[in-house]
Each structure stands twice: as C-alpha cells, then as structure tokens.
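The values are calculated or read from the model by the stated rules, or taken from the named source; none is laboratory data. The structure presented is a predicted model; accordingly, all values stated were derived computationally and were not measured. Note: ideal-geometry Cβ built from the backbone for every residue, glycine included; neighbour counts use all protein chains shown. Surface areas here come from the heavy atoms of the whole protein model, side chains and all, with no ligands, DNA or RNA. Shrake-Rupley method; radii C 1.70, N 1.55, O 1.52, S 1.80 Å.
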Amino acid sequence: MALVVMKFGGSSVADSDKMKLVASRVIDKKKKGNKVVVVVSAPGDTTDDLITMSEKITSNPNPREMDMLLATGEQVSISLLAMTIQSQGENAIALTGPQAGIYADLDHSKARVTKIVPKRIFSFLDKGNIVIVAGFQGINPKGDIATLGRGGSDLTAVALAAAMKAEVCEIYTDVDGVYTTDPRVEKEARKIDLISYEEMLEMAGSGAQVMQARSIEVAMKYGIEIHVRSTFSGKDGTYIVSEEKIGRKKMEALMVSAVTFDKNQVKFSLIDVPDVPGIAAKVFGSLAKLGINVDMIIQSAALDKKNDISFTVSKADLKRTQSKIEELAKELKASSLSCDEHVAKVSVVGVGMKSHAGVASKMFEILAKNKINIEMISTSEIKVSCVVDEADLAKAVNELHKGFKLNKK
Ligand code: ADP
Ligand code: ASP
Ligand code: MG
C-alpha cells in the first residue's frame with residue numbers, strides 16, 4: 001500500500017462545489033489502494049482577508065496573535081473537507097498542525113519546521129481514515145501556534161512526505177503545472193514537464209508563486225519528488241526532480257528555462273553617505289537585526305568621498321525599513337533618502353546558463369531594444385535579475401519570454 005500526500009491550495013477549496021471535487025479525488029486515490037494524507041490551505045482569499053481584518057485594528061499586530069489569527073483559515077478547510085469526505089461515505093479526520101505533530105521554531109509568521117512526529121497520523125491511517133492536515137502551521141517550543149510563511153502549505157506537504165517517507169507528493173493547484181512564466185500573465189507560456197529543484201528554487205525565490213521556496217529546499221534536501229498538477233483536470237503536470245534524473249544534456253539544451261517576476265519590491269536609496277569602511281555594514285546590519293531581508297543592493301562609485309546606496313526589500317517590510325532608514329540617513333548625514341514603491345523585478349532562470357555564455361547581455365539587449373531602463377542588476381549561477389519600473393514589467397516579461405524562445409511553438 002503506497003502512502004500518498006496530496007496538497008490542495010486555497011483556490012481548490014474556495015467553495016463547496018470545489019470542496020466536493022477535492023473530496024472525490026481524494027476518495028478515488030484511497031480506493032486505488034493508497035493510504036492518503038491530505039494537506040489543505042485556507043479557502044480562497046481567506047488569509048488575505050484575515051490580514052485586512054487585523055490591519056483595520058492595528059498596523060503593528062503582536063506576532064503571536066497574528067499567527068493565532070492566520071492559522072484559523074486552514075482550520076476552516078480541514079473541518080469542511082473532512083465533513084465533505086464523510087458525507088461521501090469515507091472515513092476522514094481533520095488535524096491541525098499541532099495535532100498532526102508538526103513542530104516549528106519561534107520565528108512567528110515565517111517559522112521553520114523543526115520536527116515532525118507523525119504518530120497520530122499513522123494511527124488514524126491504520127484505522128482506515130483519510131487524514132486531513134492543516135497546512136501552514138505548527139506548534140513552537142512555547143506551545144504556541146506558528147505559521148510557516150505565505151504559501152507555507154506547500155512546506156507542510158513536502159515536510160510530511162519526507163517525514164512519513166511517502167511514495168508521492170502531489171501539489172494540486174489552479175494551473176496545470178509549472179509554466180515557463182505565469183500563464184495568467186503570458187498567454188504564450190508553456191507547461192514544463194520536468195524541472196530541477198535548483199531551477200524551481202530560483203523561480204520560487206524570484207516570484208513564481210506556484211511553489212513556496214522553502215518547500216523546494218526541503219524537497220531537495222530529502223530527495224522528495226513533487227508532482228505539481230491541476231485540481232480540475234486529470235492531466236499530468238510538472239515533476240520537480242533532481243538534475244541527475246533529468247540528465248545534464250537535456251537541461252543544458254535550453255539557455256533559459258523560465259521568466260519570473262516579483263511586484264512585491266520596494267527600492268530605497270540613501271544619497272551621499274560617507275565613503276568610509278563600515279557604512280554598508282552599519283546599514284545592512286541594522287536591517288538584519290530587525291529580521292528584514294534585503295534582496296538587491298547597488299552602491300555607486302564614490303565621488304567626493306560620498307556614495308549612494310540603493311537596495312530593495314519586500315513591500316511587507318516597507319514601514320519598518322522606512323523608519324530605520326530615516327534614522328540612519330540622519331546619523332550618516334545623507335543628503336537625501338528616497339523610497340520607490342513602483343518598481344518590479346524581472347528574472348530569467350535556467351541551468352543552461354552554466355554552459356551558455358551571454359545570457360545576461362542578451363537580457364540587457366532585449367530590455368534596451370524595448371526602451372526599458374534597468375535600475376538594478378543581480379546574478380546567481382543560474383539566474384539574472386533586473387529591477388525595472390513597474391509600468392514596464394508586462395512588456396519586459398513578454399519580450400524576454402519571446403526573446404529566449406520560450407513562446408509556444
Ligand atoms: P494555491 O492556492 O494552489 O497554492 P497559488 O496561487 O499559490 O496556488 O499558486 C498558483 C498560481 O501561481 C497560479 O494561479 C499562477 O498564476 C501563479 N504562477 C506564477 N508563476 C507561475 C509559473 N511559472 N507557473 C505556474 N503558475 C505560476
Ligand atoms: N493560506 C496560506 C497563504 O495564503 C498558506 C498557503 O496558502 O499555502 O499564504
Ligand atoms: Mg500556494
């Protein structure tokens with residue numbers, strides 16, 4: 001009897017009809033002779049709605065209470081799905097993250113899974129139940145509920161698959177798999193049949209919402225193969241596997257495998273700060289102390305012993321970054337400080353970059369030809385990212401997708 005983990009995202013459990021469809025897919029899987037663990041996200045936009053509710057009360061919520069609030073969304077889905085399955089004649093039981101034995105660290109809102117003790121899950125499976133586990137949550141060392149970062153139900157599913165040695169980890173969502181870019185933005189996007197962990201990790205980290213980045217780190221560490229597929233069609237989706245499994249030759253055939261984008265960026269610039277050792281350490285050290293992740297950084301060449309430092313953070317960290325940077329600007333006697341919310345990051349990702357020279361220059365050329373100004377650049381072994389004006393983003397994605405020959409044939 002194989003053990004299967006099936007994860008359904010928020011849009012797959014957004015209403016009772018969708019819930020019924022999910023229930024029948026899950027029951028089908030069990031009837032085929034599998035033991036089935038189901039992970040679900042909060043219905044539809046519930047998590048966003050809960051955040052909006054908290055914002056009406058305070059701009060600075062207590063992190064413990066915020067996690068207490070956000071974790072309720074998944075509890076709605078698990079109980080309703082258990083009832084739906086039961087009403088279709090199968091045994092099912094709903095468990096919260098803590099009840100399922102999912103342990104997390106103390107970092108509220110972006111906690112890591114530290115340990116999984118799936119004793120209760122195994123015992124309910126052995127009694128013939130479909131076990132439904134709330135995604136995105138665990139219990140921390142203080143005994144409090146902690147959430148695992150946005151998109152964290154993916155992490156719950158992969159971590160459970162690893163801890164329980166599941167045969168298959170299936171991520172069911174509202175698209176047919178992982179595409180060469182977001183299929184909602186680019187109609188020419190193509191579904192990818194096989195993708196490596198490394199590429200998926202870079203895609204997730206640079207804005208492809210379809211999988212949470214941390215879940216891919218865990219999958220890579222434990223060698224868990226993931227099948228991303230649609231809840232609404234029976235089609236095969238995308239398999240996320242190791243590079244070895246795909247084969248080097250096949251991977252290197254393409255210069256670029258995907259184009260990603262992230263509208264969730266804000267750019268800060270500190271103008272005319274002293275060009276002496278220790279300034280960058282002070283600025284970025286202060287932000288790190290606050291737990292703020294800085295993404296891109298650029299420092300201009302020094303003129304008259306003064307430098308300009310620009311960097312990006314995610315929009316969620318805007319307010320906290322702003323107050324810290326205002327303080328630092330005064331202390332460092334910067335001549336000015338700016339904050340630009342209308343920027344976006346566009347990236348090209350592909351293992352093929354390791355063997356094809358000139359990917360970055362081709363990207364710059366495509367953007368230049370389309371009169372798109374590049375504000376910042378960063379590169380990794382298999383990714384090149386540029387910050388551009390938000391107004392140019394759609395065109396940038398479109399032209400890069402075409403220029404790197406990713407459009408449908
Ligand atoms: P779920 O609720 O199932 O977790 P998400 O909204 O988190 O679903 O992720 C699915 C969405 O990710 C899709 O609807 C799609 O718009 C978006 N997306 C972004 N980039 C990609 C990509 N490269 N391939 C597929 N989907 C993508
Ligand atoms: N409900 C959470 C979110 O919206 C977790 C998830 O969907 O994976 O981020
Ligand atoms: Mg998701």
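The set of residues from segment 371-402 being more than 15 Å from PHE261 (Cβ to Cβ) and open to solvent by less than 60 Å² (accessible area, probe 1.4 Å) comprises SER380, ILE382.
Listed by position, the strands (runs of 3 or more DSSP E) contained in segment 313-409 that have at least 2 residues being touching a Phe, Trp or Tyr at 6+ places or on another chain (Cβ under 6 Å) are 336-349.
Selection over segment 55-80 of residues that are within 12 Å of ligand 2 (Cβ to nearest atom) and assigned to a loop (DSSP other than H, G, I, E, B) gives a count of 1. Here is the figure for segment 28-53: residues that are assigned to a helix (DSSP H, G or I) and either within 16 Å of ligand 2 (Cβ to nearest atom) or open to solvent by less than 10 Å² (accessible area, probe 1.4 Å) (or both) total 8. Scanning segment 174-209 for residues that are aliphatic (A, V, I, L, M), near ligand 1 (Cβ under 10 Å from one of its atoms) and open to solvent by 40 Å² or more (accessible area, probe 1.4 Å) yields a count of 1. For segment 137-150, taking the residues that are open to solvent by less than 40 Å² (accessible area, probe 1.4 Å) and either out of contact with any strand residue (DSSP E or B) (no Cβ under 8 Å at 6 or more places or on another chain) or among the acidic types (Asp, Glu) (or both), the one that is modelled with the lowest pLDDT is identified as GLY149.
Filter segment 1-27 down to residues that are away from ligand 1 (no atom under 16 Å from the Cβ) and either within 18 Å of VAL131 (Cβ to Cβ) or buried (at least 18 other Cβ atoms within 10 Å of the Cβ) (or both), then give me how many there are. Selection size over segment 1-27: 7.
Across segment 275-307, which residue is nearest to ligand 3 (Cβ to nearest atom) among those that are open to solvent by 40 Å² or more (accessible area, probe 1.4 Å) and part of a strand (DSSP E or B)? Out of the qualifying residues, it is ASP295. The condition of being free of Cβ contacts under 8 Å to residues at least 12 places away in the same chain and either over 18 Å from SER215 (Cα atoms) or among the β-branched types (Val, Ile, Thr) (or both) holds for only one of PRO98, PRO183, that being PRO183. Applying a threshold of 6 Å to beta carbon distances and a minimum spacing of six or more residues, or different chains, the list of pairs starting in segment 360-388 at a residue that is of a type in the set (Asp, Glu) and ending at one that is open to solvent by less than 30 Å² (accessible area, probe 1.4 Å) reads GLU375/VAL387. Under the condition of being touching a helix residue (DSSP H, G or I) at 6+ places or on another chain (Cβ under 8 Å), away from ligand 3 (no atom under 16 Å from the Cβ) and farther than 20 Å from GLY33 by Cα, the residues counted in segment 133-171 number 6.
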